[in-house]
Amino acid sequence: MASTQGCATRHYRVALTIAGSDCSGGAGVQADLKTFSALGCYGMSVLTALTAQNTVAVRAIHEVPVDFVTAQLDTILEDIQVDAVKTGMLHSPEIIEAVAATLKKSPIRKLVVDPVMFAKSGDRLIRDDAIETLAERLIPLATVLTPNLPEAGELLKRSIKTRDHMEESAHALLEMGPQAVVVKGGHLDFGGSDDYMAVRTQSGVEGKWFYARREMSPNMHGAGCTFASAVAAFLARGLAVGEAIESAKEYIAGAVARGGEFQLGKGKGPVAHFHELWKFEDEA
């Protein structure tokens, strides 16, 4: 059989996640790769930690050695062109330093930083001494920063309880250096699931609200990871920042709504990453 190597003319849109593993499949690297695939990207991963978790709790965290995190990332970048990167769980200052240093010297210009600090179960996923390193070393490199309210509060050392607080927080986080910040409002009880974006433009800083109906679903495990990965996937596909965020918002709304139809485990189940592809009727 004749070889076809060298004959291909098309290129994948490539998205890379640098994050922890969720063995239950709802969040972390597993959720990221599902999202990339669902949105038409070739997904790759660099593992930063292994977690023993399910829909109820995080039982244990095993941090990947820093040199092996760097080896994974270097090995990918020396061979494959990456269109966008998403970072998730970065457990220690040392891992954040290593990832930031490698990305800073790379040609990658589309980076989504999801400052993962807590699991849906409430378990902490980042060391206290890593938050300052995250703010100083990685966030300034971000194209889009995607904190939820507790994460934004940790970064700014303030309480965020209102829509006005969300706007103020997004603009304050923008001062840390990213091109855009999306503060996710799912933790506020104001009837919807609205997010606020502050973005740098050629004419200055602009703000915009993204509105969505709040789904009464218990299955929100991995929703934050999935949203950030969707932003990265749409950036990899060439969308502008605002368009990528808006498209990701539509995608996660559908994933949450469809995920609410299913039961998995005894706690907070996952969202439905492939909801746009599912054509089957409910089965018994």
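The values are calculated or read from the model by the stated rules, or taken from the named source; none is laboratory data. Values in this document were obtained by computation on a predicted structure and should not be read as measured data. Ideal geometry is used to build each Cβ from the backbone, glycine not excepted, and the neighbour counts take in all protein chains shown.
Here the condition is being buried (at least 19 other Cβ atoms within 10 Å of the Cβ) and either at pLDDT below 95 or in contact with a strand residue (DSSP E or B) (Cβ under 8 Å, 6 or more places away or on another chain) (or both); of M216, M220, it holds for M220 alone. For region 258-270, the count of residues that are modelled with pLDDT under 95, out of contact with any Phe, Trp or Tyr (no Cβ under 8 Å at 6 or more places or on another chain) and crowded, with 24+ Cβ neighbours inside 10 Å is at least one. Taking region 3-58 as the region of interest, how many residues are modelled with pLDDT of 95 or more and basic (K, R)? The qualifying residues number 2.
Looking at region 179-196, which of the residues that are outside any strand (DSSP E or B) and farther than 12 Å from P147 by Cα is modelled with the highest pLDDT? By that ranking, first place goes to Q179.
Once region 112-132 is narrowed to residues that are part of a strand (DSSP E or B) and either free of Cβ contacts under 8 Å to residues at least 40 places away in the same chain or among the acidic types (D, E) (or both), the residue that is surrounded by the fewest Cβ atoms within 10 Å (Cβ to Cβ) is R124. Yes or no: region 163-177 includes at least one residue that is assigned to a helix (DSSP H, G or I), of a type in the set (D, E), surrounded by fewer than 20 Cβ atoms within 10 Å (Cβ to Cβ) and in contact with a strand residue (DSSP E or B) (Cβ under 7 Å, 6 or more places away or on another chain). Yes: one or more hits.
The single condition from (1) over 30 Å from N219 (Cα atoms); (2) surrounded by fewer than 21 Cβ atoms within 10 Å (Cβ to Cβ) that S92 fails is (1).
Between T143, T162, T133, T75, the distinction of being closer than 15 Å to F227 by Cβ and either hydroxyl-bearing (S, T, Y) or modelled with pLDDT of 95 or more (or both) belongs to T143 only. Across region 133-160, the number of residues qualifying as charged (D, E, K, R), outside any helix (DSSP H, G or I) and in contact with a helix residue (DSSP H, G or I) (Cβ under 8 Å, 6 or more places away or on another chain) comes to 1.
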